[in-house]
Structures are given as structure tokens and as C-alpha cells.
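For reference, the structure discussed in these notes is given below.
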Amino acid sequence: MQDAQEPKKSISYSALDNASTKGIHYRITALSAMGVFLDGYDISIIGVALTIITAISSFSYTSTPLGKGLMAASTTIGMLIGAILFGYVTDRRGRKLMYMWDMVIFIIFTALITIAMNYWELFTFRLILGLAIGADYTISTTIISEFSPIKSRGKLLAINVSAWWIGSAFAYVIGFLLLPFGINSWRLMFAIGLIPAAIVLVLRRSVPESARWLNVHGKSEKAMEIEKEVSGKVDALQPQSQKVSIFTLFNKKYLRATIFVALFWFSYDVAFYGIGLFSPIILALFGLSHSLSILGSALFAIVAVIGSFLCIATIDKWGRKSITILGFSGMALSLFVLSIIGITTPKSAFTTGILGGVIVTMYILFELTQTWGPGGTDFVYPQELFPTSVRATAQGWGTSISRIGAILGLVGFPQIVAMAGLGYGLLFFFMFALIGLVSTIILAPETKNKSLEELTE
């Protein structure tokens, strides 16, 4: 593979960049966001399911710290492979091809999960499901960014990622409501995700191929037809020839962006995945009952949705860097306070008086700021810092590196809690929130109000 060849003259997609935001933009965003919603639902519902399947003999390995961590991380391991692999395929073969097929894989393996009979079947099915989820992370964001007008690109990408938090909150609500169905209620929890997935698969057929992708692969006439369909206007596009190569991410021009995307997303996911997927378990360690810990997780997930709405409202006004710094700051402060409480306070005092109020307040601060900041911009920065020829590959790179962070959080947290207690587990997350904050301050650019071509050429 060779580095992407830079075009001889600047490319302009002013018909797309300067268009008013209208129905087709929201339709593309909605159909992309539904895939992200399903990702959030499926990844979060395992946190509820783990509180149930540990009592089933054929799934008894989940009662060990390693078994619990591996099961929570199973989909994430698949995403690590699927994101970078299918991101590259998406840059080579087109956005729409994988836009359809990733949903087919999602449906097949979600169905298999509902009939898994033992620990390793469930682990394997969730791992392969992760391939589809990783693919959808790269494809859905790339399609939105390449169709969006400049002034609303951040908002539309933030709407896309906000669907993850809505899916996560929905998972905890559904999990709580299905608890009365007993020991097999976890199967119903996964089965519910099949209904919207089938609907999305059918409706995604109406989404056109990206005009930007078509043009950089020499199909300018078709690209202009798509521009006309989306915006009503056409640019005088000239066929381009940009080769797809993952090594483009590491040439001098893009190396700073590549390092930043990897570092800030890795750090964010160590903390977020550990807190997000183990939320019912963490709340139980803070003294809540089984049902209340799941209900509390649902309520805190709703706070995360509010934070994502704040991201949508401010990302194009305040800028990407400002809200990312705000988010990491809130995460670091809340995790530090919670870790100190966990280290210095007897478990019996967690839910009493003022201390219980502080724990709730810090948990709310964490959920609110993490989605307002890096939980929204992780789907934005990779799209804006790399050219069309490797945009999906770059999104896949960031996603894959972040999955390593997620796996570290998911596998490491139970081990630390088992050895040293909850407080030190939360201190572990604080350290990575701090790393994310520092890397953003030093490395992050501001990308608002610029076209994708201005940012990458």
C-alpha cells in the first residue's frame, strides 16, 4: 500500500458545504444514529444481564472477576478488530456497502445471543457482534460528515453519538422492567434489539453513496448527481485519484492528529466503559440493592443523555476543543472525589446523610460532563482531521485504539476492586481522565466553521 496521493488542486464541495440543513440531512443522520442507538443498547444491556447470568450454572464463570471482565469486554474486543478492518474496507469499496452489511451481521448475532447456552457461546457471539458494531462506528459517522453542511456538521455528528446514550439509557430502563421475568429475562433484553435493527436495515437502502467518496475514486459525474439530489446544486467536480492507505495516518502531515485521536479517545474509554458497563455493580458496592442499582443506572444514563443534548447545542458555537476540555475536567473532578470517598469511608456509611448526596452529585457530574465533552467529540474529531481517502480508516483507527482502553477499563477494574477496593478502582479511572484532559489541552485543534477540505488539505 502507498500513501494517499494529494490532488493537484484544491477540491471544493460548496454545494454540500453551504447547503441549508434540511430533511435529507436529518434522515441520513437518523438512520445512522439508529445504528449507534443499537450499539449503545447492546453494549449497555450486558451490564444488566451480568447481574442475572452469574446465578446460572452454565454461565458461572461470570462470577469471577476475570470472567465478568471478559464478558463485559467481549463486544469491545470485536469492535477493536471490526473498526479498523471495516473502516479500511469502507474507504476502499464505498460507504453504502458496509452501511448495509454491518446491520445484517448485527441482526444475525444478536439473534444467536438470545439462544446462547453457556458462557463461551455467549462470549463468542458477542465478540463477532462487536465486528458489526465497530464497523457501524466508522460508517455512520463518515456518511454524516461527508453530507453535512459546515455550519451544522458538528451538531449532526453530535446527534449521531447522542443516540448511543439514549440507547444506553433505554437498555437500563428495559433491563429494570424485565427483571420480574426471572432468570431468563436477559434473553428478552437482547431480543428487543432485533426489532429496530430490522427496520433500520430496510430504511438504510434509501441513503445514497457519498459524493466525496465517489469523486476521489474518479466517479465525478455520479458525485455531481448525488450533490444535486442532496442540495439542489452542483459543483464542477473533476475526477480525483486518491489511493487508500492506512499509512497515510502516520505521515508527517497527519501524525499529530493521529496521536491526538488515539490518546484522547483511549483515555476517555478507559474511564467511561468501566463506569458505564459496571454502573449497576458500582452502585451496589456503594450500598444500593440489586433492583435499585439498576434503576439508579437508568437514571444516571438519562443524565448522560442530557449531557449529549448540551453537546449538540454547544459544539458548533463553543467549539470542539472547549467542550472536550470541559468534559474531561468534570470527569476528573468527580472520579477523584468518588475515589477518595471509596478509599477513606467504611462501606456502611456510603448511603448515609450528606455523604450519600455527595456520591450522587459526583455521579451526576461525571455522566453530564463526559457526554457533553469527549463522549461527543470522539465521533467528530476523526472525521474532521483526515482526508476523504482515509476518513473511515481514521475513524476505525480511533475506535480500535479506544477499544484497547475500554478493554483495559473493563478487565482491569474488577481486578483492582477485588484486590484493593472500589476507591482504588475509581482512582484508576481518574488517572486516565486526567491524561485525556492534558492531551486535549496540548494536542487538540479547533475545527469548527471549516470545510473538511480546508481542515485536511
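Read-outs throughout are calculated quantities, based only on the coordinates presented, and are distinct from any laboratory measurement. All figures in this text were calculated on a predicted structure; none of them were measured in a lab. We place every Cβ from the backbone using ideal geometry, glycine too, and count neighbours over all the protein chains shown.
Calculate how steeply helix 422-443 sits against the longest principal axis of the alpha-carbon atoms of the chain, using the helix alpha-carbon long axis, and give the answer as 0 to 90 degrees to the nearest 10.
Between the helix axis and the principal axis of the chain, the angle is about 20 degrees.
Do the sum for the chain: with -39,500 (n - 2.57) for every DSSP H run of n ≥ 4, divided by all residues, what is the mean residue ellipticity at 222 nm, to the nearest 500 deg cm²/dmol?
Dividing the helical sum by the residues of the chain leaves -25500 deg cm²/dmol.
Residue by residue, what Karplus-based ³J(HN,Hα) values in Hz, rounded to whole numbers, does region 59-71 have, using 6.51, -1.76 and 1.60 with θ = phi - 60° and x for Gly and Pro?
For region 59-71, the Karplus-derived couplings read 10, 4, 4, 5, 7, 8, x, 5, x, 5, x, 5, 5 Hz, x marking Gly and Pro.
Using a cut-off of 28 Å between alpha-carbon atoms, which lysines can reach LYS155, once sequence neighbours fewer than 8 places away in the same chain are excluded?
The reachable lysines, counting only those whose Cα sits under 28 Å from LYS155, are LYS22, LYS96, LYS222, LYS228, LYS233, LYS253, LYS317, LYS321, LYS448, LYS450.
In whole Hz, what ³J(HN,Hα) sequence does region 293-305 give by Karplus (6.51, -1.76, 1.60; θ = phi - 60°), x for Gly and Pro?
5, 6, 4, x, 4, 5, 5, 5, 5, 5, 4, 4, 5
Using the Karplus curve 6.51 cos²θ - 1.76 cosθ + 1.60 with θ = phi - 60°, what ³J(HN,Hα) values do you get for each residue of region 165-178, in whole Hz, with x for Gly and Pro?
6, 5, x, 5, 4, 4, 4, 5, 5, 4, x, 5, 5, 8
Hey, can you grab everything whose amide H is under 5 Å from the amide H of GLY218? Only 5+ residues off in sequence or another chain; H modelled, so Pro and N-termini drop out.
GLN240
Taking the Cα-to-Cβ direction at TYR26 and at LYS252 and moving 7 Å from each Cα, how far apart do the two end points lie in nm?
Reported label-point gap for TYR26 and LYS252 is 4.7 nm.
Which entry in [x] 0.98; [y] 1.11; [z] 1.34 matches Rg/Rh (Cα atoms, Kirkwood Rh) derived from the coordinates of this structure?
Looking at Rg/Rh (Cα atoms, Kirkwood Rh) for this model, the match is [x].
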